[in-house]
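Before any comments, here is the structure.
The values are calculated or read from the model by the stated rules, or taken from the named source; none is laboratory data. Owing to the predicted nature of the structure, the values given are computational and were not obtained by experimental measurement. Positions of Cβ are backbone-derived with ideal geometry, glycine not excepted, and every protein chain shown enters the neighbour counts.
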Amino acid sequence: MRIEPATTAKLIADFIGAKKVMGDANRVITGLNELHEVEKGDITFVDHPKYYQRVLSSAATTIIINTDQVECPEGKTLIVHECPFDAFNKIILSYRRFEPATAMVSPKAEIGEGTIIQPGAFVAEHVKIGKNCIIHANVTINNHTVIGDNVIINSGTVIAADACYFQHRGPDRQVKFESCGRVVIEDDVEIGALCAIDIGVTSDTIIGRGTKTDNHVQVGHDAKIGKNCFLGAHTAVGGVTKIKDNVSVWSMSAINKDLVIAEGTTVLAYTAVDKNTEPGVTYFGQPADEARKKWKEMACVRMLPDLIKKLQ
């Protein structure tokens with residue numbers, strides 16, 4: 001998420017009630033992002049020693065951290081706070097508080113020429129829809145969604161629901177990570193009925209140009225789906241995963257979070273992908289492997305009863 005106008009580490013530290021600032025307190029902050037999306041000028045956070053080094057060596061130039069027992073890297077500013085997660089949420093909410101709707105189709109929404117919005121569809125604040133789109137009945141398009149031209153969204157689909165992202169605080173409490181990203185749906189996309197495309201936590205969830213989905217597809221927060229992809233019915237794509245161009249994922253498949261699915265990959269039905277894939281390869285199985293290899297393994301398993309009888 002971009003911060004406009006830019007702010008400084010000192011102003012942020014004062015706002016969240018930080019204990020201490022290490023490094024340049026006047027460092028300019030131009031964006032707010034979680035670790036997987038950070039770039040120069042961004043502020044991010046870390047609250048576990050396991051991730052200190054990864055965050056300190058990231059592109060982020062301002063970091064909220066829960067210890068002063070680390071060295072401040074050159075070119076960075078550390079803001080020390082007892083609970084960085086809560087502090088980061090406070091910053092998010094200062095820029096992106098929930099805005100309740102005033103109408104089924106917001107008068108502030110930008111809707112392009114030739115676009116049809118069927119009765120019962122909901123279009124929220126800060127939504128942009130391009131030309132010649134069809135938004136079918138009972139579609140929900142929540143705040144901060146950008147839709148290109150010639151897009152079709154079928155009934156019952158929800159665009160830009162909050163990310164499913166919670167921090168456990170003991171056995172009886174979970175704290176929500178507030179969402180401040182967007183959903184961006186590019187030109188010529190068609191989304192089936194009863195799908196869910198979650199909003200980015202701090203960046204964009206993207207559905208690339210020409211991509212098509214069947215019904216009951218779930219795309220997690222900050223996922224990036226490439227151009228001309230196909231997602232079959234009941235496909236689930238985990239948050240932050242990147243699916244490159246021309247990928248086909250067939251029905252009832254699941255792709256874990258934070259993976260890269262290479263260009264031209266085919267994922268056959270009922271497959272569970274838990275590792276990055278290779279370009280142009282077809283995968284099958286649970287866990288996924290190259291399809292022919294997996295089929296050979298299955299054939300071998302079917303032979304086991306006869307082999308055991310012979311051994312006996």
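Could you look through the stretch 126-162, keep only residues that are hydroxyl-bearing (Ser, Thr, Tyr) and part of a loop (DSSP other than H, G, I, E, B), and pick out the one that is nearest to residue 238 (Cα to Cα)? First the steps, then the outcome.
Taking the stretch 126-162 and keeping what is hydroxyl-bearing (Ser, Thr, Tyr), we get 140, 145, 155, 157.
Narrowing the set further to residues that are part of a loop (DSSP other than H, G, I, E, B) leaves 155, 157.
Details: 155: 23, 157: 18 Å.
The qualifying residue nearest to residue 238 (Cα to Cα) is 157.
From the list 97, 54, exactly one residue is under 24 Å from the mean Cα position of the chain (by Cα), exposed (fewer than 12 other Cβ atoms within 10 Å of the Cβ) and in a helix (DSSP H, G or I). Which is it?
Values: 97 fails: in a helix (DSSP H, G or I).
On inspection, the qualifying residue turns out to be 54.
Can you tell me which condition residue 240 does not meet? The list is (1) under 19 Å from residue 143 (Cα atoms); (2) in contact (Cβ under 8 Å) with a residue 24 or more places away in the chain; (3) among the β-branched types (Val, Ile, Thr), and all the others hold.
Status for residue 240: all satisfied but (1).
Would you check which residues across the stretch 9-41 are in a strand (DSSP E or B), among the aliphatic types (A, V, I, L, M) and more than 25 Å from residue 260 (Cβ to Cβ) and list them?
So in the stretch 9-41, the residues in a strand (DSSP E or B) come out as 20-22, 28-32.
Still in the list and also among the aliphatic types (A, V, I, L, M): 21-22, 28-29, 32.
Listed by number, the residues that qualify are 21, 22, 28, 29.
Under 21 Å from residue 224 (Cβ atoms), outside the structural domain of residue 182 (by TED's automatic domain parsing), among the hydrophobic types (A, V, I, L, M, F, W, C) and modelled with pLDDT of 95 or more: which single residue out of 13, 60 fits that description? Please lay out each step first, then the result.
Details: 13 fails: under 21 Å from residue 224 (Cβ atoms).
On inspection, the qualifying residue turns out to be 60.
Considering each of 263, 278, 297 in turn, give the residue that is of a type in the set (D, E, K, R), within 23 Å of residue 187 (Cα to Cα) and surrounded by fewer than 20 Cβ atoms within 10 Å (Cβ to Cβ). Before the answer, list the steps.
Numbers: 278 fails: within 23 Å of residue 187 (Cα to Cα); 297 fails: within 23 Å of residue 187 (Cα to Cα).
Only one candidate qualifies: 263.
Only one residue in 272, 291 is under 18 Å from residue 238 (Cα atoms), aliphatic (A, V, I, L, M) and surrounded by 13 or more Cβ atoms within 10 Å (Cβ to Cβ), so which one is that? Working first, answer last.
Details: 291 fails: under 18 Å from residue 238 (Cα atoms).
Exactly one residue qualifies, and that residue is 272.
Take the residues of the stretch 5-24 that are in contact (Cβ under 8 Å) with a residue 24 or more places away in the chain and surrounded by fewer than 16 Cβ atoms within 10 Å (Cβ to Cβ): which is farthest from residue 87 (Cα to Cα)?
Within the stretch 5-24, the subset in contact (Cβ under 8 Å) with a residue 24 or more places away in the chain is 6, 9, 12-13, 15-24.
So of that shortlist, the ones also surrounded by fewer than 16 Cβ atoms within 10 Å (Cβ to Cβ) come out as 6, 15, 17, 19-20.
Numbers: 6: 18, 15: 9, 17: 8, 19: 12, 20: 13 Å.
Checking each candidate, the answer is 6.
Quick check on the stretch 178-186. Is at least one of its residues modelled with pLDDT of 95 or more, closer than 30 Å to residue 119 by Cβ, charged (D, E, K, R) and surrounded by 17 or more Cβ atoms within 10 Å (Cβ to Cβ)?
Yes, some residue in the stretch 178-186 is modelled with pLDDT of 95 or more, closer than 30 Å to residue 119 by Cβ, charged (D, E, K, R) and surrounded by 17 or more Cβ atoms within 10 Å (Cβ to Cβ).
Just the residues that are closer than 28 Å to residue 144 by Cα and among the acidic types (Asp, Glu), please, taken from the stretch 1-19. Before the answer, list the steps.
Going residue by residue through the stretch 1-19, those that are closer than 28 Å to residue 144 by Cα are 1-9, 11-13, 15-16.
Scanning the stretch 1-19 gives a single hit, 4.
List the strands (runs of 3 or more DSSP E) inside the stretch 163-211, counting only whole elements, that have at least 1 residues being under 21 Å from residue 95 (Cβ atoms) and among the basic types (Lys, Arg).
Numbers: elements: 166-168, 174-176, 182-185, 196-198, 204-207.
Of the strands (runs of 3 or more DSSP E) lying wholly inside the stretch 163-211, those with at least 1 residues that are under 21 Å from residue 95 (Cβ atoms) and among the basic types (Lys, Arg) span 174-176, 182-185.
Answer yes or no as to whether residue 200 is over 24 Å from residue 37 (Cα atoms), in the same structural domain as residue 239 (by TED's automatic domain parsing) and modelled with pLDDT of 95 or more.
no
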